[in-house]
2 protein chains.
Amino acid sequence: MNYILKGENAIYYECGFSSDNALFLSLENYNFFITDSRYTYEAKLYVKDAQVVDGEKDLVKKAREIIRSAKIKKLIYDPMEWSVDEYEKLSKLNISFTKKPNFSQKKRIIKSDLEINIIKSAVFLGAKAFSEFETILKNSIGKSEKELNFIMQNTLKDFGKYDLSFDPIVALDENSALPHALPTDKLLKNDSLVLVDAGLKYKRYCSDRTRTYINKKDKKQQKIYDIVKKAHDEALKFAKAGVKASDIDKKAREVIEKEGYGKFFIHSTGHGVGLDIHELPVISPKSDNVIEENMVFTIEPGIYLEGEFGIRYENMVVIKNSKAEIL
Amino acid sequence: MNYILKGENAIYYECGFSSDNALFLSLENYNFFITDSRYTYEAKLYVKDAQVVDGEKDLVKKAREIIRSAKIKKLIYDPMEWSVDEYEKLSKLNISFTKKPNFSQKKRIIKSDLEINIIKSAVFLGAKAFSEFETILKNSIGKSEKELNFIMQNTLKDFGKYDLSFDPIVALDENSALPHALPTDKLLKNDSLVLVDAGLKYKRYCSDRTRTYINKKDKKQQKIYDIVKKAHDEALKFAKAGVKASDIDKKAREVIEKEGYGKFFIHSTGHGVGLDIHELPVISPKSDNVIEENMVFTIEPGIYLEGEFGIRYENMVVIKNSKAEIL
């Protein structure tokens with residue numbers, strides 16, 4: 001099997017290193033890591049099991065040269081990784097190209113025990129940042145969403161030790177009803193609802209977690225919170241090796257629908273997590289994934305009431321001994 | 001002229017808003033901003049001069065529907081913006097597609113005076129962060145590159161007010177010889193050379209600046225610094241409306257070559273800056289851009305001595321009254 005990869009995490013998975021300008025070619029028994037002169041020095045130190053090649057100003061041209069001299073006939077590529085423009089340059093070759101969408105993510109859908117250990121550390125550190133942030137929140141009345149977002153970023157980064165999995169969401173009151181709210185100048189009040197969705201990277205693997213801190217005196221918030229939490233718990237209990245991912249989604253969705261809030265659960269129940277923050281399996285109504293041992297994914301139902309508030313509850317889970325365990 | 005855009009900044013330029021999942025369609029006199037339900041609420045508040053359309057789970061399908069009902073015959077797209085996979089879905093239409101690489105960046109190559117004012121503010125705030133960081137550096141002996149990088153990020157962000165143009169580079173001693181060094185645990189010493197390349201975004205427009213703080217007692221460092229600075233100054237003096245971008249690169253390169261360090265200047269002399277950190281014009285040996293009034297770009301020659309140190313000096317300039325002015 002011959003294949004070419006372009007994605008930074010796809011390449012890292014193969015050889016333990018990558019850069020923002022690199023190609024990885026796997027041809028029969030030879031692997032090549034092609035990058036430009038800015039990265040060849042570090043690549044030679046860190047790339048495992050592949051030859052480092054300086055592709056100079058044109059990595060795709062270098063890849064074509066290597067492919068030509070290897071005299072292969074078929075090459076797999078991921079049409080989601082290549083722009084029309086770059087693929088046109090790559091495909092100036094007298095060989096046949098096989099399109100495999102999500103090629104690398106499919107390889108990565110089952111995590112090794114080593115990867116699971118790294119992910120456990122990422123989740124542990126992410127949860128630690130959440131509990132630190134909770135303490136800070138108590139003394140932050142009057143701070144803006146923008147400031148709170150900045151504080152959460154720094155809490156996750158722990159003086160530059162970790163990168164973020166994604167820009168965190170810290171959304172107050174009505175803004176929490178926007179599942180991907182951008183931070184505004186809105187201020188934290190004494191009785192504000194606060195939705196926090198955030199994660200960090202440990203050894204390049206992502207964590208992902210959401211908590212919503214409600215005003216416990218507000219009966220509607222408490223009611224919605226309980227429904228969302230129940231949807232999460234039912235999905236968690238149901239998730240095991242052998243079930244369809246779409247049925248996990250259905251399980252969570254049914255809890256919310258039964259309470260009459262079905263149309264306010266406007267996203268999927270979850271997604272795989274690994275080197276990418278969104279990986280396989282997809283936990284959605286249309287997913288064709290079947291759950292297997294050592295898969296890692298989120299369970300994150302939510303209810304969003306425009307103009308009022310939104311509540312989401314999210315954990316990452318791993319399938320071990322055929323059951324879903326919270327990480 | 002009918003066109004479709006996919007890039008976040010390309011879309012922002014057209015209508016003053018964008019999201020990480022959006023398409024922009026400009027058909028004769030009708031403009032459409034297509035996004036998913038997570039963003040339609042904000043889009044309706046902020047999008048100017050375009051109709052907001054909820055593309056639900058499949059924005060490309062929605063774009064096809066709009067294109068079909070508009071009965072147009074030709075559509076411009078940028079083959080660098082579209083993956084093979086997505087373009088295949090878009091092109092299921094009985095119309096002709098015209099490929100225009102860098103379509104949006106070409107529209108954006110000449111900045112308006114309003115854009116230049118915003119960029120001036122970005123550069124001013126970026127330079128302010130540099131001078132604050134210089135003060136901090138003096139009391140940072142023993143801190144690691146990772147910590148210094150984190151401090152520079154926070155200095156730029158100013159308590160969450162600004163986003164970064166890119167992850168800053170703070171490279172010490174030998175690491176500065178890697179033009180895109182990743183931060184390590186290497187510690188700042190009393191006599192360390194420190195290379196800092198960083199920028200922030202103000203109203204979405206980027207700043208970009210590099211300074212190298214040398215050990216002034218080290219004669220070799222001082223000599224290389226002077227050559228790099230001279231290359232910068234000569235390129236700046238030469239840059240004006242009507243000259244070829246490639247000749248600006250040549251001017252800087254000649255200074256460095258004359259001193260025998262030509263092969264250690266391993267990148268281009270500069271690049272345009274705007275909504276994207278890398279835009280047109282390209283200031284490189286192969287560039288076909290010609291400099292015009294109101295273009296904004298960097299001048300950033302460098303010399304990199306592997307195992308020793310690297311020195312780069314970078315400013316952003318604007319062409320005004322046909323001359324290059326440092327911003």
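Miscellaneous remarks
- Taking the C-alpha atoms only, the angle from helix A:145-157 to the longest principal axis of chain A is near 50 degrees.
- Computed from Cα positions, the angle between helix A:219-238 and the longest principal axis of chain A comes to roughly 40 degrees.
- Accessible area buried at the B-A interface, both sides summed, 1.4 Å probe (Å², nearest 100): 2900
- Built amide H within the under 5 Å cut-off of residue B:296, gap 5+: B:111, B:273
- Counted by Cβ distance under 9 Å from residue B:319, the other residues give a net charge of 0, where Lys and Arg count +1 and Asp and Glu count -1.
- The three principal axes of the C-alpha atoms in the stretch A:236-293 carry coordinate ranges of 35, 23, 18 Å, sorted with the longest axis first.
- Entry comment: accessible area of the protein assembly as shown is 46 Å² per residue, from protein heavy atoms only and a probe of 1.4 Å.
- Long-range HN-HN contacts of residue A:31 with modeled amide H, under 5 Å: A:51
- Distances between copies of residue A:323, taken at a point 7 Å out from Cα along the Cα→Cβ vector and listed shortest first: 7.8 nm.
- The stretch B:17-41-the stretch A:259-276 distance, computed between alpha-carbon centres (Å): 23
- Neighbourhood charge, 11 Å Cβ-Cβ cut-off, centred on residue A:77 and excluding it, Lys, Arg +1 and Asp, Glu -1: 0
- Of all accessible heavy-atom area on chain A, the percent that carbon and sulfur account for (1.4 Å): 49
- Cross-link table B:128/B:250; B:107/B:201; A:100/A:237, entries beyond 22 Å C-alpha to C-alpha: B:128/B:250; A:100/A:237
- Spacing of the modelled spin labels on residue A:74 and residue B:94, each 7 Å from Cα toward Cβ, amounts to 3.6 nm.
- For the stretch B:81-186, a Kirkwood radius taken over Cα pairs fed into Stokes-Einstein (25 °C, viscosity 0.890 mPa s) yields D = 139 µm²/s.
- With 40 Å² as the minimum drop in accessible area between chain alone and full protein complex (1.4 Å probe), the qualifying residues in the stretch B:75-95 are B:79, B:84, B:85.
- For the stretch A:240-270, accessible area lost to neighbouring protein chains reaches 20 Å² or more, against the chain alone with a 1.4 Å probe, at A:266.
- For the stretch B:312-318, 3J(HN,Hα) per residue [Karplus equation, 6.51 cos²θ - 1.76 cosθ + 1.60, θ = phi - 60°, Hz, x = Gly/Pro]: 9, 9, 9, 10, 9, 10, 10
- Sorted shortest first, the distances from the residue B:163 label point to those of the same residue in the other copies are 1.7 nm; each point sits 7 Å from Cα along Cα-to-Cβ.
- Projecting 7 Å from Cα along the Cα-to-Cβ direction, the label point of residue A:203 sits 4.7 nm from its equivalents in the other copies, listed shortest first.
- With Cα atoms, 0 to 90° folded angle of helix A:59-70 axis to chain A main axis: 50
- The distance from the alpha carbon centre of the stretch B:300-326 to that of the stretch B:164-219 is 13 Å, rounded to a whole number.
- Dipole of the stretch B:28-168 computed with +1 at Lys/Arg Cβ and -1 at Asp/Glu Cβ about the Cα centre; of B:83, B:94, B:153, farthest Cα towards the positive end is B:94.
The values are calculated or read from the model by the stated rules, or taken from the named source; none is laboratory data. Note that this is a predicted model, so its numbers are computed, not measured. All Cβ positions, even for glycine, are placed from backbone atoms using ideal geometry, and neighbour counts span all protein chains on display. Quick note on the areas: whole protein, heavy atoms, side chains included, nothing else; ligands and nucleic acids left out. Shrake-Rupley method; radii C 1.70, N 1.55, O 1.52, S 1.80 Å.
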